[in-house]
Amino acid sequence: MGFLESIRTCLGKYAKFDGRASRSEYWFFVLFSSIYMFVGGFLLGMIGAADLESGIAIWVLMIPIIVPLTSVAARRLHDINQSGWMQCIFFPGFIADEFLGTGYVIYFLTLALFAFWFSQAGKKGKNRFGAQPRK
């Protein structure tokens with residue numbers, strides 16, 4: 001699956017949390033989301049937005065991509081035969097950092113776990129979440 005096709009697919013399945021997503025579909029959409037947020041942040045910096053204004057603007061910029069990014073991550077987890085709810089593994093890290101002051105250690109460990117999972121090849125053939133996605 002190519003870059004533009006991946007973006008079309010993810011935005012077309014905006015809030016579809018069932019089914020499976022290939023590695024290329026997931027990683028190309030993550031790349032698109034990163035570029036989108038980088039350009040948005042760069043433009044905010046160019047206009048000299050203050051901290052409060054940029055924080056609000058970044059949340060506004062995230063609105064169109066947060067749901068498809070979450071749904072493609074759930075579908076990618078389904079491809080490796082994991083529940084889409086595994087994304088919630090980030091929440092204990094947020095809570096622990098607030099109370100323990102772990103200094104992003106838990107964030108990096110969780111990010112490494114997700115990078116490992118999302119880089120794995122999907123299960124061949126049909127699994128409990130549906131048919132194997134096309135490449």
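The values are calculated or read from the model by the stated rules, or taken from the named source; none is laboratory data. Small disclaimer: the values here were computed from a predicted structure and weren't measured. Glycine gets a Cβ as well: all are built from the backbone with ideal geometry, and neighbour counts include every protein chain shown. Ligands, DNA and RNA are excluded from the accessible area calculation, which covers all protein heavy atoms including side chains. Shrake-Rupley method; radii C 1.70, N 1.55, O 1.52, S 1.80 Å.
Quick notes
- If only residues of the stretch 2-25 that are polar (S, T, N, Q) and in a helix (DSSP H, G or I) are counted, the one that is least open to solvent (accessible area, probe 1.4 Å) is S6.
- The residues of the stretch 101-114 that are open to solvent by 70 Å² or more (accessible area, probe 1.4 Å) and either outside any helix (DSSP H, G or I) or at pLDDT below 75 (or both) amount to a single one, Y104.
- Among the candidates A21, A57, A15, A73, residue that is in contact with a Gly (Cβ under 8 Å, 6 or more places away or on another chain), among the aliphatic types (A, V, I, L, M) and closer than 26 Å to R134 by Cα: A73
- Of everything listed in (1) over 30 Å from Q132 (Cα atoms); (2) modelled with pLDDT of 85 or more; (3) open to solvent by 60 Å² or more (accessible area, probe 1.4 Å), the single unmet condition for S34 is (1).
- Qualifying residue in the stretch 40-54 (condition: within 21 Å of R8 (Cα to Cα) and open to solvent by less than 80 Å² (accessible area, probe 1.4 Å)): yes
- For M86, the conditions (1) assigned to a helix (DSSP H, G or I); (2) in contact with a helix residue (DSSP H, G or I) (Cβ under 7 Å, 6 or more places away or on another chain); (3) open to solvent by less than 40 Å² (accessible area, probe 1.4 Å) are fulfilled apart from (3).
- Scanning the stretch 115-135 for residues that are without any contact (Cβ under 8 Å) to a residue 12 or more places away in the chain and surrounded by 13 or more Cβ atoms within 10 Å (Cβ to Cβ) yields nothing.
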